[in-house]
Amino acid sequence: MSKNAFITGGNSGIGKEMARGLAAQGYRVIIASRDLAKSQEAAAEIKAGQSDANIEAMALDLGDFDNIDQFAPALLEAMPEIDVLILNAGLFTNGLRKVASGYEAMIGIMHFGHFRLVQKLLPAVEAAEAGRIVVTSSMMHGVGKIKEASFTDPSLHMMDMAAYGQAKLANLLFARHLAKRLEGSRVTVNAFHPGAVATGIWRELPGPMQKLVGLFLISEKKGADTAIWLATDPSCAQYSGQYFVNRKLRKGSKTSRNESLAQWLWEYSEARM
């Protein structure tokens, strides 16, 4: 019986490469993004290259809590057990804005949207023989600061990059605290930095930042490698609550290892679900 994998943001970039890689290993894969047509195109592309690929696409708007609430039961009906849950959907916005949930878009989608989704999908991951949750963070978490007021007031950010860094820091804090809450279970939770990948997010960066990052760009396939490794490699069963770069264990920033901050963010998020 094949294992099941669900990926947010699997319609492009490293998410699509994660889906391709897991399908090649025999996983049944469901990808979801707000743009259903693009997700269906990605699934068709993967099937064209792998005739036996078992991959489907669904529509999901992580910026809209009502949409998440409607989506989760549909996914669980299709996939009652989730062996691999990859929280990958991300964005960088030129110009700060809010999404339907009332939060600034980057933290609203990458943290609060994923947080709400996980609350609903976690029983399916726990039902798997050895569930794995993989969270796409970023080395930019190191410049992030958690500022509660800015969650719903984007104008409090001095620049777009500050909001992005905050969201990626939230991703890592979330992964660490979820792992702590799941200690003793069959589920592991880890986060990773994919590297500087030439994706849509890179193309949204300010011009000078694009040029700087462009010097270190890697392929989307290479950017997805650590996530696939964390999701499938037997050796990774020993890790939970950790942060990886190029398959190597890294400490992450001091702030990302602040347990009291991680607990505060969890409780704040949970109270607003």
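The values are calculated or read from the model by the stated rules, or taken from the named source; none is laboratory data. Quantities reported herein were computed from a predicted structural model and do not represent experimental measurements. As a convention, Cβ positions derive from the backbone with ideal geometry for all residues, glycine included, and neighbour counts pool all protein chains shown. To get the accessible areas, we keep the full protein, side chains included, count just its heavy atoms, and leave off ligands, DNA and RNA. Shrake-Rupley method; radii C 1.70, N 1.55, O 1.52, S 1.80 Å.
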Checklist outcome for this item: When every residue in the range 111-150 that is farther than 27 Å from PHE6 by Cα and of a type in the set (A, V, I, L, M, F, W, C) is compared, the one modelled with the lowest pLDDT is VAL143
Checklist outcome for this item: Considering only strands (runs of 3 or more DSSP E) wholly within the range 1-99, the ones with at least 2 residues that are within 27 Å of GLN166 (Cα to Cα) and either at pLDDT 95 or above or open to solvent by less than 40 Å² (accessible area, probe 1.4 Å) (or both) are 4-8, 28-33, 84-87
Checklist entry - Filter the range 134-166 for residues that are among the small types (Gly, Ala, Ser) and over 18 Å from the mean Cα position of the chain (by Cα); which is least open to solvent (accessible area, probe 1.4 Å)? => result SER150
Next on the checklist: So the check is Cβ under 9 Å with 6+ separation or different chains; which pairs have a first residue in the range 1-12 that's over 15 Å from ILE133 (Cα atoms) and among the aromatic types (Phe, Trp, Tyr) and a second one that's at pLDDT 90 or above and in a loop (DSSP other than H, G, I, E, B)?
Outcome noted: none
Checklist entry - Which condition does LEU217 not pass, out of (1) modelled with pLDDT under 85; (2) touching an Asp or Glu at 6+ places or on another chain (Cβ under 9 Å), if it passes all the others? => result (2)
Checklist entry - Where residues in the range 233-265 are touching a strand residue (DSSP E or B) at 6+ places or on another chain (Cβ under 8 Å) and of a type in the set (S, T, N, Q), which of them is surrounded by the most Cβ atoms within 10 Å (Cβ to Cβ)? => result SER256
